[in-house]
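Undergrad: Attaching a single structure in structure tokens format; questions to follow.
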Amino acid sequence: STPPKSFREFSQNHLDRAWRNRYNGNSISFLSECNTNSDPSFFSIRNGIIYGVQNHKIIHEKFIEYNNRRALNSTVTGLVDGIKTKFNIIVLKKNNCIYVLTYVGLDSHFDQNINDFNNFLTGFKAP
């Protein structure tokens, strides 16, 4: 599953794949880590993702069923380089792997591509 054509793939070292909207800068990405010797909590994984975000606030979090497993869905706001930013983060554990799927955008542009992220989530299948 890939986002629509308005998103262009870019590479970032710690991400498996990532796409950025060429018009507003919003991004969709995912990373995976498999066969780890530890089993961190959903919350500690999510908190590790938002660790560097200043003044972060979790505005919504709930467990959902995703890819036939329990997953944590969080919406977070905060400042990145002083700019108001919003995140939707899905943390999934499946078959000894951890998957983190993320949608990030400026707070003012976030709603423009949330449906694209939801469609991406629908098409994403963890092995």
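Undergrad: Which pairs turn up if I take residues in region 114-126 that are of a type in the set (D, E, K, R) and look for partners that are open to solvent by 20 Å² or more (accessible area, probe 1.4 Å) with beta carbon separation below 7 Å, at least 6 apart in sequence or on another chain?
TA: Hits for this filter: D116/P4; K125/N67.
Undergrad: Okay, next question. For the structure I just gave you, tell me whether R46 is charged (D, E, K, R) and free of Cβ contacts under 8 Å to residues at least 40 places away in the same chain.
TA: Numbers: charged (D, E, K, R): yes; free of Cβ contacts under 8 Å to residues at least 40 places away in the same chain: no.
For R46, the condition - charged (D, E, K, R) and free of Cβ contacts under 8 Å to residues at least 40 places away in the same chain - is not met.
Undergrad: Kindly provide the set of residues from region 18-38 that are within 18 Å of V91 (Cα to Cα), of a type outside the set (S, T, N, Q) and free of Cβ contacts under 8 Å to residues at least 24 places away in the same chain, ordered by number.
TA: Passing the criteria: only A18.
Undergrad: Are any residues in region 100-113 touching a residue at least 60 places away in the same chain (Cβ under 8 Å), out of contact with any helix residue (DSSP H, G or I) (no Cβ under 9 Å at 6 or more places or on another chain) and open to solvent by 20 Å² or more (accessible area, probe 1.4 Å), and if so, which ones?
TA: L106, H109, Q112
Undergrad: If we scan region 82-102, do we find a residue that is under 18 Å from N119 (Cβ atoms) and over 16 Å from the mean Cα position of the chain (by Cα)?
TA: no
Undergrad: Can you confirm whether V76 is open to solvent by 40 Å² or more (accessible area, probe 1.4 Å), out of contact with any Cys (no Cβ under 8 Å at 6 or more places or on another chain) and not hydroxyl-bearing (S, T, Y)?
TA: Answer is no for this residue.
Undergrad: State all residues of region 79-99 that are among the hydrophobic types (A, V, I, L, M, F, W, C), surrounded by 20 or more Cβ atoms within 10 Å (Cβ to Cβ) and closer than 15 Å to I58 by Cβ; if no residue qualifies, say none.
TA: Looking only at region 79-99, we keep the residues that are among the hydrophobic types (A, V, I, L, M, F, W, C), and these are 79-80, 83, 87, 89-92, 97-98.
Subset that is surrounded by 20 or more Cβ atoms within 10 Å (Cβ to Cβ): 87, 89-92.
F87, I89, I90, V91 - these are the residues of region 79-99 that are among the hydrophobic types (A, V, I, L, M, F, W, C), surrounded by 20 or more Cβ atoms within 10 Å (Cβ to Cβ) and closer than 15 Å to I58 by Cβ.
Undergrad: Continuing with this model, one more query. In region 8-42, which residue that is acidic (D, E) and part of a loop (DSSP other than H, G, I, E, B) is least open to solvent (accessible area, probe 1.4 Å)?
TA: D16
Undergrad: Something else about it: State yes or no: is E65 among the acidic types (D, E), within 26 Å of P127 (Cβ to Cβ) and touching a residue at least 12 places away in the same chain (Cβ under 8 Å)?
TA: No; evaluated as a whole, the condition is false for this residue.
Undergrad: In region 43-60, what residues are under 13 Å from the mean Cα position of the chain (by Cα) and under 24 Å from D116 (Cβ atoms)? Reasoning before the result, please.
TA: From region 43-60, those under 13 Å from the mean Cα position of the chain (by Cα) are 45-50; that's our starting set.
Listed by number, the residues that qualify are I45, R46, I49, I50.
The values are calculated or read from the model by the stated rules, or taken from the named source; none is laboratory data. On a predicted model such as this, the values are computed, not experimentally measured, just so you know. Virtual Cβ from ideal backbone geometry, glycine too; neighbours counted across all protein chains shown. The area values use the complete protein model at the heavy-atom level, side chains included, leaving out ligands, DNA and RNA. Shrake-Rupley method; radii C 1.70, N 1.55, O 1.52, S 1.80 Å.
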